[in-house]
Amino acid sequence: RSGDKETAAQIDSDAAASTLLVHDNLSALQPSKRPVSSRRRLISLCQIRIAFTTFITMRPLTEEETKTLFLKLSEYIGRSIERMINRTDERHSFRLLKDRVYYVSESSLKAAAPISRDHLLHFGTCIGKFTKSGKFRLHITALDYLAQYAMYKVWLKPNAEMSFLYGNNVLKSGMARITESIPQYAGVVVYNMSDIPLGFGVAAQTTDACRELEPTGNVVLHQADIGEYLRGLEDDVF
């Protein structure tokens, strides 16, 4: 809570500073003895808007945003969300930067507080982003935490790993093991036989239905996988 208070104080300070900055820029726009061109006025107004928004881009989540985020996380980790926040090593929280949500430790919050918002790219671990429609989509960067607290798991056969890492669904023929009592459409973390998390998805079938499923039937509907790191790089570079 002390970290939240310090962050809140920093936000208040930033807001006060932005108010002064806006006031100073508005003063500069007042009529003077020297004529000011319309273009210069427009540029100054744009600078005011940019200067103001840099102070408000990083912030805690609203109640509605928190609810949407927690509902999505609960599909994969259930009530372990509380364990994510009240960790034994250090308390963590979620922060919003533009449309992306970051999972941040208190020490990182304190370290980032003195950095001006126009120089701050991001900090913490990106959990996902809010879409334009207000829904929340988990990113592959959240995999480590989903795997740590996952309720439902599926293990792949070695010959099925590459297919999943290219963004394909998990078929019955590629499934080696599955957690008991998985409900349909629950969040599932996908592992290889060495217990290395490969990605996550949505259960296409219940555990019981999977036992009688044909080999080409879908077990897990693909959502994200670690192959995205390479595929994303390929798209950007090539």
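If I take R0 = 41 Å and measure r between the Cβ atoms of Ser181 and Lys110 in this structure, what FRET efficiency does the formula 1/(1 + (r/R0)^6) give, to the nearest 0.05?
0.45
Between the residues Thr141, Ser116, Ala160, the greatest Cα displacement towards the positive end of the dipole of segment 54-164, with unit charges on the Cβ of Lys, Arg, Asp and Glu, is found for Ala160. Among the protein heavy atoms of segment 94-149, carbon and sulfur supply 52% of the accessible surface, probe 1.4 Å, non-protein parts ignored. The order of the peptides 145-151, 107-113 by mean Cβ neighbours within 10 Å, most packed first, is 145-151, 107-113. Of all accessible surface on segment 159-238 at a 1.4 Å probe, what whole percent is carbon and sulfur? Carbon with sulfur: 52 percent of the solvent-accessible area. Each residue of segment 222-231 is assigned a 3J(HN,Hα), and the resulting list reads 4, 10, 7, 8, 5, x, 5, 4, 7, 5 Hz, derived from the Karplus form 6.51 cos²θ - 1.76 cosθ + 1.60 (θ = phi - 60°), x at Gly and Pro.
Does segment 83-238 come out rounded, prolate or oblate, given a ≥ b ≥ c as the square roots of the eigenvalues of its C-alpha gyration tensor, rounded meaning a/c under 1.5 and, failing that, prolate meaning a/b above b/c? Note, shape of segment 83-238 comes out prolate.
The phi torsions of segment 90-102, fed into the Karplus equation with coefficients 6.51, -1.76 and 1.60 and a -60° offset, translate into couplings of 6, 5, 10, 8, 10, 10, 9, 10, 6, 9, 9, 9, 10 Hz, rounded to whole numbers, with Gly and Pro shown as x. Using the average count of surrounding beta-carbon atoms within 10 Å as a protection proxy, the listed peptides 71-77, 127-133, 174-180 rank, highest first, as 71-77, 174-180, 127-133.
A simple spin-label model places the labels of Glu82 and Glu64 2.7 nm from each other, with each point 7 Å out along Cα-to-Cβ. Selection among Leu230, Ala204, Thr216 by position relative to the dipole of segment 131-238 gives Ala204 as farthest towards the positive end (Cβ unit charges, Cα centre).
The values are calculated or read from the model by the stated rules, or taken from the named source; none is laboratory data. These numbers were taken from a predicted model, which means no experiment stands behind them. No Cβ is skipped: glycine too gets one built from the backbone with ideal geometry, and neighbour counts run over all protein chains shown. With ligands, DNA and RNA removed, areas are computed over all heavy atoms of the protein, side chains included. Shrake-Rupley method; radii C 1.70, N 1.55, O 1.52, S 1.80 Å.
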